[in-house]
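The values are calculated or read from the model by the stated rules, or taken from the named source; none is laboratory data. Note that the coordinates shown come from a computational prediction; the quantities given were computed from them, not determined experimentally. Here the Cβ is made from the backbone with ideal geometry for all residues, glycine too, and neighbour counts use every protein chain on show.
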Amino acid sequence: MGEVLPSRMHETCDALVVGAGIVGAATAFRLSERGLRVHVIEAANAPATGSTGRSAAGVRVQFASELNVRLSLAGIEEYREFQDRYGLPSGYRPQGYLFLVPKPLWEAHAEGIRVQRSAGAPVQELTTDEAQTIVPFDATGIHAATYGPIDGVVDPHALTSGYLKMARDRGTTLHLEHPMTAARYEAGTWRIDTPHATFEAPTIVNAAGAWAGEVARMAGLDLPVVPVRRMVFTTGPLAAAHAYPLTIDMASGVYLRSEGERLLFGRSNPNEPAGFNEGMDWPWLEATLEPGLSRFPFLETAGLDRHASWWGYYEVTPDHDAILGRHPDAEGWVDAAGFSGHGVQHAAMVARLMAEEVVDGAAHTLDVAPLRHARFHGDARDRRAETHIV
Ligand SMILES: Cc1cc2nc3c(=O)[nH]c(=O)nc-3n(C[C@H](O)[C@H](O)[C@H](O)COP(=O)(O)OP(=O)(O)OC[C@H]3O[C@@H](n4cnc5c(N)ncnc54)[C@H](O)[C@@H]3O)c2cc1C
């Protein structure tokens, strides 16, 4: 007699979430809170191992577009209240974000301040002298600075675990090592395969981060999200402890911030090719340090900790903004992806909006029209790209 193969698992639910990063976890929680039977499938053997676990963990209201400001503001408010509301840690620390802005960029940046303030987001305008009292830097070419006092950092692992715990408490099931491999839609039901199971649900939420384009393709759908590798370099311990905010030299794109007694720093490589390129790009360290040392000479005194440095994928769209909501070419398929490097801070509000999209028919707490798929199908000249990209 041959070996008896374990029977293939079949599950039926109201909504299947693909991906257990912070976006999938928070969305599963909000859907289950609304009374839906939810399953989450995750390719890896643990949650938050995609971009979520590799982010710089920053949260900031300082964006150029009003919707991004509002998404961040709501996220910061939720993370700030997390312990009180849910009895779970978020790791929120209002360490601040400090933008150092050269003259040619000031006009556009100042327009951002107006947008942020009108959305109720606190932001301060500082002279270079005032900014230098927060972080020492060489002010050559810097016109002025802006500081976000409620901006800061969170703990993306803790938040993902917290959302998943609350989702499970409301009946959600998480399936680890269950990569989606195929999808088909028949008679109002999606059938999603993993190597071990088939899930049936009328609604799919694609929260697969940098893999969201691939996941959509398996369902025959186009979703313009590509992975782009990014580095975070880490110094050894500094001689004295600091709590430097996430400080961005907008002239070069170099950023740094304190993490305990160390510094994290980085700079996005504009020529990094899209794709699942793996490992540290060490040659990019030099291209980061050169402008970094001119702007922040104190970096010289901090040795690099190569082992503590890391890389991960931004999930990039053509205009560096997320793609949210029902896919126009499919019934019951909702995308929450393409955050282009700012998904940790937007996850909290996006999850509420996606639950509205599924349960109420359309997201309504905020008008997400600017982030819907439709923007890629209209006149390209109408599209405006987010400019406050790090
Ligand atoms: C270096 C770096 C710095 C960053 N800094 C910040 C920052 O300061 N602030 C900020 O807000 N954001 C930052 N980001 C971006 C942020 O990390 C992402 O926007 C966010 O984590 C996206 O969350 P997610 O849940 O959508 O994706 P992910 O965390 O990537 O989760 C997607 C999940 O889907 C799973 N998956 C993939 N394929 C499949 C499949 N076929 N079936 C099932 N599961 C699948 C993956 O394994 C993964 O766990 C940074 C990113 C990087 C790389």
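Are any residues in region 283-300 without any contact (Cβ under 8 Å) to a residue 12 or more places away in the chain and surrounded by 12 or more Cβ atoms within 10 Å (Cβ to Cβ), and if so, which ones?
Answer for region 283-300, where residues must be without any contact (Cβ under 8 Å) to a residue 12 or more places away in the chain and surrounded by 12 or more Cβ atoms within 10 Å (Cβ to Cβ): L289, E290, L293.
Please give the number of the condition H307 fails out of (1) surrounded by fewer than 16 Cβ atoms within 10 Å (Cβ to Cβ); (2) away from the ligand (no atom under 16 Å from the Cβ); (3) within 17 Å of A210 (Cα to Cα).
Condition not satisfied by H307: (3).
From the list A145, A158, A121, A208, exactly one residue is within 14 Å of the ligand (Cβ to nearest atom), within 25 Å of the chain's Cα centre (by Cα) and surrounded by 21 or more Cβ atoms within 10 Å (Cβ to Cβ). Which is it?
On the way: A145 fails: within 14 Å of the ligand (Cβ to nearest atom); A158 fails: surrounded by 21 or more Cβ atoms within 10 Å (Cβ to Cβ); A121 fails: within 14 Å of the ligand (Cβ to nearest atom).
Being within 14 Å of the ligand (Cβ to nearest atom), within 25 Å of the chain's Cα centre (by Cα) and surrounded by 21 or more Cβ atoms within 10 Å (Cβ to Cβ) holds for just one of A145, A158, A121, A208, which is A208.
Given the criteria part of a helix (DSSP H, G or I), touching a residue at least 40 places away in the same chain (Cβ under 8 Å) and under 23 Å from V232 (Cβ atoms), does G112 qualify?
No.
With respect to T198, determine if the residue is surrounded by fewer than 18 Cβ atoms within 10 Å (Cβ to Cβ), β-branched (V, I, T) and either in a strand (DSSP E or B) or not assigned by TED's automatic domain parsing to the domain that holds H39 (or both).
Yes.
If you scan region 41-86, which residues turn out to be more than 9 Å from the ligand (Cβ to nearest atom) and in contact with a His (Cβ under 8 Å, 6 or more places away or on another chain)? Break it down into steps so the answer makes sense when it comes.
Within region 41-86, the first condition is being more than 9 Å from the ligand (Cβ to nearest atom), and the residues that meet it are 45, 61-71, 73-74, 76-86.
Correct list: Q62, F63, A64, N68, L71.
Take H346 and tell me if it is over 16 Å from R267 (Cα atoms) and within 12 Å of the ligand (Cβ to nearest atom).
Here the answer is yes, as H346 does meet what is asked.
As an exercise: evaluate G162 against (1) under 30 Å from A201 (Cα atoms); (2) in contact with a helix residue (DSSP H, G or I) (Cβ under 6 Å, 6 or more places away or on another chain) and give the number of the one condition it does not meet.
(2)
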